[in-house]
Amino acid sequence: MIRVVFCLILCVCFSHAYFVVEDDYERQVEVLKNLDIDTTFLRDNVFASMKEEISLYKQKQFLKMLENGTQFIPILRNMIQEAGIPEAFLYMAMAESGFSTKAYSKAKASGLWQFMSGTAKIYGLAIDDYVDERRDPIKSTEAAVKYIKNLYNRFGKWYLAALAYNCGEGRVARAIEQAGTDDLYTLLDDKKKYLPKETREYIRKIVVMAYLSEDKNFLFENNADHFLNNGKFEDAFVKKELRGGLSMFDVAEALDMSLSELWAYNPHLKYFFTPPNKKKYHIYIPYDKERLYERDFDASKISSKFDVYVVAKGDSFYKIAQKYKVDHKIIKDFNSITSNTLRAGQKLIIPSMQTSSFAPKYYIIKNGDTLFSISSKYNLSVAQLKKVNKLKDEIIYPGSTLEIPNR
């Protein structure tokens, strides 16, 4: 009897293992087919070792990226599905930026999709004194979708579109010409090096991330099965149009939010107000605040916290800007002034750059800045700056933003 029971247990265990392996295989095959990749790719040694490395040694880093994406994955997934491109491209954003809107590369690419400024402008993303729409989760995704579809239309295969997104259309076209084929195995040849090493690893990384993000066994083993619900619920935030020059502090106050909370949904804004050089501009608010917004929020009744300055004899924009610690161009834009001429008695609206002692401060990095010089300016330690901005090293780039913690 004991022997019979033991045999039954073995049969159940083996059958379970078989179905787990079978399910595992089918999910991997589905990811590959969506990208036009042959199933023999599963035997690729680099791909297999990369998958094993993440599964065994880099779970925390991988799960942290999924955590970053919790806010964005639902709406990005919907946009990608509606655009008719493979869902695996959702994980291109993960490979590019770790789902961080603040990601900034050494090559000066920025945002979820790591757009360079030139490509960003081609696809309609604004980068100016007030906004960097490469960090706008919706607009940058719209641009990325257009770019990916254009790449697919040129090369005819999704994996080639992904490769071209990473290293450029010209580089992929030359690689195909040199190899005499667009076969993925051939293009990824480590000896021939038709493509840069980063690009050869890039396509493998996307496949691994797309697979592991939906791998129930991997997620359950790491107590992260809640990520299986990513994209299964309503979008986390919604878009609203506001007038230009409106204080974000007032918006946050009206929605019963802290400025820090609202700021996290609007990483594309460089200051605490909507662009004063535009009649209207969009912001994003949490989905659960939309009812409150529709019921109670009226931007026309909000009197933003700006100062009114009466120009004195001998004043200049530079002198006034120094007094209020705000860039002179911002003052000109707020007042719709194009010339540098001022007259005594003229009234100027001066935006309040810090509307609350509890609001986070942000610093736009300039040429020559270092973490040490910035931390000294605000009486902080370099370690504090690195911690609040989640920096792994002390490398910073002009044009990017640092959060300055309140003391």
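Readers should treat all values here as calculations from the given coordinates under stated rules, not as data from a laboratory. All of these numbers come straight from a predicted model, not from anything done at the bench. Cβ sites come from the backbone with ideal geometry, for glycine too, and all protein chains shown count toward neighbours.
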(request) Quick one: what are the phi-derived ³J(HN,Hα) couplings along the stretch 27-37, Karplus 6.51/-1.76/1.60 with θ = phi - 60°, whole Hz, x for glycine and proline? (result) 5, 5, 4, 4, 4, 5, 4, 4, 9, 6, 9
(message) Test of understanding: given the chain, find the longest segment containing no chymotrypsin sites (Phe, Trp or Tyr not before Pro) that are in a DSSP loop and have at most 10 other Cβ atoms within 10 Å.
(response) 1-232
(request) List, in order, the whole-Hz ³J(HN,Hα) value for each residue of the stretch 132-148 obtained from phi through the Karplus relation with A = 6.51, B = -1.76, C = 1.60 and θ = phi - 60°; use x for Gly and Pro. (result) 9, 6, 5, 8, 7, x, 7, 5, 5, 5, 4, 5, 4, 4, 4, 5, 4
(request) Sum up the charges of everything whose Cβ sits under 13 Å from the Cβ of Lys139, counting Lys and Arg as +1 and Asp and Glu as -1, but leave Lys139 out. (result) +1
(request) About the Cα centre of the chain, how large is the charge dipole given +1 on each Lys and Arg Cβ and -1 on each Asp and Glu Cβ? Please answer in debye to the nearest 20. (result) 1900 debye
(request) Quick one: which residues, 5+ away or cross-chain, put their amide H under 5 Å from the amide H of Phe115? H built at 1.01 Å from N. (result) Ser110
(request) Please turn the phi angles of the stretch 61-74 into ³J(HN,Hα) values with the Karplus equation 6.51 cos²θ - 1.76 cosθ + 1.60 (θ = phi - 60°), one per residue in order, whole Hz, x for glycine and proline. (result) 5, 5, 5, 5, 5, 5, 4, 4, x, 3, 6, 9, 4, x
(request) Starting from the Cα-Cα distance between Thr40 and Glu53, subtract it from 0.36 nm times their residue separation and give me the gain in nm to one decimal. (result) 2.7 nm
(message) Can you compute the FRET efficiency between Lys329 and Ala107 using 1/(1 + (r/R0)^6), with r the Cβ-Cβ distance and R0 = 22 Å? Round to the nearest 0.05.
(response) 0.20
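Based on the alpha-carbon gyration tensor of the stretch 8-229 and its eigenvalue square roots a ≥ b ≥ c, which shape applies: rounded if a/c is under 1.5, prolate if not and a/b is larger than b/c, or oblate?
Taking the square roots of the gyration eigenvalues as a ≥ b ≥ c, the stretch 8-229 is oblate.
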(request) Quote the relative contact order of the stretch 237-301 in percent (integer), defining contacts as alpha-carbon pairs under 8 Å separated by 6+ residues. (result) 50 percent
